[in-house]
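The values are calculated or read from the model by the stated rules, or taken from the named source; none is laboratory data. Just so we're clear, the structure is a prediction, and the values are computed from it rather than from any experiment. For neighbour counting, all protein chains shown are included, and Cβ atoms are generated from backbone atoms with ideal geometry for every residue, glycine included. The area values use the complete protein model at the heavy-atom level, side chains included, leaving out ligands, DNA and RNA. Shrake-Rupley method; radii C 1.70, N 1.55, O 1.52, S 1.80 Å.
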There are 2 protein chains.
Amino acid sequence: MVTQRIVELLRNGQPDESVTIKGWVRTKRELKGFAFIEVNDGSSMANLQVVLNSDLPEYEAVLKQVNTGASVEVTGVLVESPAKGQRIELKASSVKVYGEADPEKYPLQKKRHSFEFLREIGHLRSRTNTLGAVFRVRNACANAIHQFFQEREFLWVHTPIITASDCEGAGELFTVTNLNLKDVPKTDNQEIDFSQDFFGRRAYLTVSGQLEAEVMAMAFSNVYTFGPTFRAENSNTSRHLAEFWMVEPEMAFCDLQGDMDLAEEFLRYIFKSVLEKCPEDMEFFNQRIDNTVLATAENIINNQFERITYTDAIALLEKADRKFEFPVEWGADLQSEHERYLAEELFKKPVIVSNYPVGIKAFYMRLDDDEKTVSAMDVLAPKIGEIIGGSQREERLDVLERRIKSQGMNPEDLWWYLDLRRYGTVPHAGFGLGFERVVQFMTGMGNIRDVIPFPRTPLSAEF
Amino acid sequence: MVTQRIVELLRNGQPDESVTIKGWVRTKRELKGFAFIEVNDGSSMANLQVVLNSDLPEYEAVLKQVNTGASVEVTGVLVESPAKGQRIELKASSVKVYGEADPEKYPLQKKRHSFEFLREIGHLRSRTNTLGAVFRVRNACANAIHQFFQEREFLWVHTPIITASDCEGAGELFTVTNLNLKDVPKTDNQEIDFSQDFFGRRAYLTVSGQLEAEVMAMAFSNVYTFGPTFRAENSNTSRHLAEFWMVEPEMAFCDLQGDMDLAEEFLRYIFKSVLEKCPEDMEFFNQRIDNTVLATAENIINNQFERITYTDAIALLEKADRKFEFPVEWGADLQSEHERYLAEELFKKPVIVSNYPVGIKAFYMRLDDDEKTVSAMDVLAPKIGEIIGGSQREERLDVLERRIKSQGMNPEDLWWYLDLRRYGTVPHAGFGLGFERVVQFMTGMGNIRDVIPFPRTPLSAEF
């Protein structure tokens, strides 16, 4: 008999159908002469209720074993459920217990646990309702991202994790090494001798795949990355991870306008996809975690995003009838409070702010004609602030060289990046999206550590 | 006018259709009063031939610019091509040159380049026919992997890249650190003081996501990883990378038999998918790189794999009418020559060898009843040898503890992994597949450095 997934049975199972399920007991209720167990196999938020009658073979022995956390195989017949809130239940004809879970020791008894506590048992927390829902949504979102780009014929390119380039994120880079740290080899002038290291030079964990994605876009036109990135930033906040996944599309023959169009279409697509794929999980988040997540998703799906320039944004913030903690001033970066004001209060929908001052943006962003701003854009979402950051890239060799030097970097370190402008350069653009931020945004989960299976943060790398 | 992809025009473009294309010039041929350029946008192996007539605006100026490597936008009308080997060509009415490529300097002139040379210009090599085809096939294969698992409702889980666990791959681990390497902090007894490091302990780059995938399978039943893994192995061979991508499905309530079934179905699916998605690229590999790749793919798709035990394999090797370099002996690992003999000569199709001696396999593989072998399996493919390695996992707490100790490891370091056997343990199984090995196998590419965009190998981390 083929094992059936509980999500399928709950949706389409018919009375009198013979089935076998395999999963873990969530709860047990003993009554006189019979008992209920709720079984979950991770395929859905909802459990399948199983009825154990006392005429079941070895009823008493089984009953002692099927505590919360135990793993079981149940064969039986589906019947209409007299209970409220469930269409069907499973009348067991045989129960096999694979593994017990001592009720005195198993940490996940039937009660609410704090997310802090659950992080300490990261190897078990996916068995709870909330984390189960999070990782189903995470999967649905990840899959939607691939589908979006593959449908549009973008190539998924794997940019390197280990990199010798430190041109972005200086100071926030993890070093990757094979040197003997007890006795680090030194050169004659007492510098670390990285020529003896595995790669013959100092190597780091990547902070972004963008520069390499540009390489690939110059051959395949449209590409995207989807992989892990790293920050050695000592930020113990609910929004920072040392290891997180990032999505970075890069498009040749594309300008800032096209970049914004793609970002908007992309966000709409992935929200729509997740709502379709995980309706019960999203309903759960709306009921239990944050009662605005469904409205927010609908807002994203159904509204054209507002588009304003940074200069307009500053003017609007200056006119705002409220006090900000940080001053509003042309040339300074927008703070979270400013971003939220624009998206949540003023426009009440996602806002794309573009053409930021050159002084606060990266060297590779295309200089606008006035030379005061660059063709950058950020998508600001209600409740979360910046969710996407992108730009048209500087495709003009001379301008790019000038910008690199003006930031105190050496153009020779970026010889290959500059070659892309020497040989067949084209206008191109792309953006970056922090995957965990999006999952947090979708689910309403307050702490980013609860939307990645095994979070890496300062002083924490368990499991 | 919307830009059209060259692959689409070559397949479905009709004479008299007005189109705009954007791409890079591959070759230019000047004739009396007109010229041909071949334009490629990365969407296909084949170029679109563009005819430039001398009545084109600024014909002479354009002609000087459209050298190999230059980027162009061409608008015009499709016409039937009088030339052999192409159905249509594009009669240009206007050409815009975005970026030139100096014929004296651009390294990719029209001639054969060695793969060694191309590796030195890794930022440009994707613009060649072969590497272009490789990365289209790589993308198609990666996408097929996701499709295969998503169709079967496996969750894609992101296991950690940075890990504090060194229980696999000791000696082949890269250290990830934020310590000041010029002055590494030491404890009182002169050990490195990793408590001062970012994670408060020594951290490494992962060699496998399996143990964490098991955690997730114990909540969601069926999961898979698809992410980067690392080996600090000083192997300068055509089959080793320090950074490579791995696929690792893990299934609860699954035994070795089910594991083998999935592996077989999986390989068949991805080969079929790639043949359908990239027929021209696969044809190219068959013609230019290895004239057996299409036959091999058909062999995988159309044959049931042979399944034999390790013990049977040894008996067959002992009976083989040929000399092996390495001795054939029960208890020793199969060498590449043995694996290839079985798959290529004896069975002439993929072979799954199972139940290997306990002494040569990892601690987590399930001990068979005879206690001499474990429920491990390797899929051996003609021409490449081992392509998949998997096992049923040891789900019995006492046996697992014993095995961990017998390998000189401390069970306490694996407390969370053992908890999976303490609470609701179930039979489970999974396998690992080196993604680059598969792409190499599919394409016939001789060196693994040519199937990943930016290879990381000893002394090499450029780009």
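Out of (1) among the aromatic types (Phe, Trp, Tyr); (2) more than 18 Å from the chain's Cα centre (by Cα); (3) assigned by TED's automatic domain parsing to the domain that holds B:Glu233, what's the single condition that is false for B:Phe435? The failed condition is (2). Taken over segment B:79-97, the criterion of being in contact with a Gly (Cβ under 9 Å, 6 or more places away or on another chain), open to solvent by 60 Å² or more (accessible area, probe 1.4 Å) and part of a strand (DSSP E or B) is satisfied by B:Lys91, B:Ser93. The sole residue among A:Val439, A:Val426, A:Val399 that is within 8 Å of chain B (Cβ to nearest Cβ) and aliphatic (A, V, I, L, M) is A:Val426. Filtering B:Gly42, B:Gly23, B:Gly76 for residues that are at pLDDT 95 or above, part of a loop (DSSP other than H, G, I, E, B) and open to solvent by less than 40 Å² (accessible area, probe 1.4 Å) leaves a single hit, B:Gly42.
To keep it simple, each residue is scored yes or no on (1) among the acidic types (Asp, Glu); (2) touching a residue at least 60 places away in the same chain (Cβ under 8 Å); (3) touching a Phe, Trp or Tyr at 6+ places or on another chain (Cβ under 9 Å); (4) within 14 Å of chain A (Cβ to nearest Cβ).
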| position | (1), (2), (3), (4) |
| --- | --- |
| B:Lys319 | no, no, no, no |
| B:Glu325 | yes, no, no, no |
| B:Leu334 | no, no, yes, no |
| B:His338 | no, no, yes, no |
| B:Glu344 | yes, no, no, no |
| B:Leu367 | no, no, no, no |
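Applying the selection to segment A:228-257, what residues are assigned to a loop (DSSP other than H, G, I, E, B), among the acidic types (Asp, Glu) and touching a strand residue (DSSP E or B) at 6+ places or on another chain (Cβ under 7 Å)? Don't jump to the end; show me each part of the working.
Within segment A:228-257, the first condition is being assigned to a loop (DSSP other than H, G, I, E, B), and the residues that meet it are A:231-242, A:253-255.
Next cut, among the acidic types (Asp, Glu) only: A:233, A:255.
The one that is assigned to a loop (DSSP other than H, G, I, E, B), among the acidic types (Asp, Glu) and touching a strand residue (DSSP E or B) at 6+ places or on another chain (Cβ under 7 Å): A:Asp255.
With respect to the conditions (1) more than 20 Å from B:Asp41 (Cα to Cα); (2) open to solvent by less than 20 Å² (accessible area, probe 1.4 Å); (3) more than 8 Å from every other protein chain (Cβ to nearest Cβ); (4) not in a strand (DSSP E or B), A:Ala213 lacks only one, and its number is (1). Looking only at segment B:109-127, residues that are over 15 Å from B:Val39 (Cβ atoms) and either within 11 Å of another protein chain (Cβ to nearest Cβ) or more than 26 Å from the chain's Cα centre (by Cα) (or both) come to 9 in all.
The set of residues in segment B:56-73 being part of a loop (DSSP other than H, G, I, E, B) and either basic (Lys, Arg) or open to solvent by less than 20 Å² (accessible area, probe 1.4 Å) (or both) consists of B:Leu56, B:Val66, B:Gly69, B:Ala70.
Here is a yes/no grid of residues against (1) within 24 Å of B:Phe285 (Cα to Cα); (2) not β-branched (Val, Ile, Thr):
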site: B:Thr311; (1), (2): no, no
site: B:Leu316; (1), (2): no, yes
site: B:Asp321; (1), (2): no, yes
site: B:Arg340; (1), (2): yes, yes
site: B:Glu345; (1), (2): yes, yes
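Out of curiosity, is B:Phe199 more than 8 Å from every other protein chain (Cβ to nearest Cβ) and open to solvent by less than 30 Å² (accessible area, probe 1.4 Å)? No.
Look at segment B:177-196: where a residue is more than 11 Å from A:Asp183 (Cα to Cα) and more than 8 Å from every other protein chain (Cβ to nearest Cβ) and a partner is exposed (fewer than 12 other Cβ atoms within 10 Å of the Cβ) and of a type outside the set (A, V, I, L, M, F, W, C), sitting 6+ places away or on another chain with Cβ atoms under 6 Å, you get B:Asp193/B:Thr187. Scanning segment A:223-250 for residues that are touching a helix residue (DSSP H, G or I) at 6+ places or on another chain (Cβ under 8 Å) and either facing another protein chain (nearest Cβ under 10 Å) or open to solvent by less than 10 Å² (accessible area, probe 1.4 Å) (or both) yields a total of 9. Going through (1) open to solvent by 50 Å² or more (accessible area, probe 1.4 Å); (2) outside any loop (DSSP other than H, G, I, E, B); (3) not acidic (Asp, Glu) one by one, B:Ser375 falls short only on (1).
Of the residues B:Asn447, B:Asn410, only one is open to solvent by 20 Å² or more (accessible area, probe 1.4 Å), more than 14 Å from every other protein chain (Cβ to nearest Cβ) and within 25 Å of the chain's Cα centre (by Cα); which? So that I can check it myself, show each step before the final result.
Values: B:Asn410 fails: within 25 Å of the chain's Cα centre (by Cα).
Every option except B:Asn447 fails the conditions.
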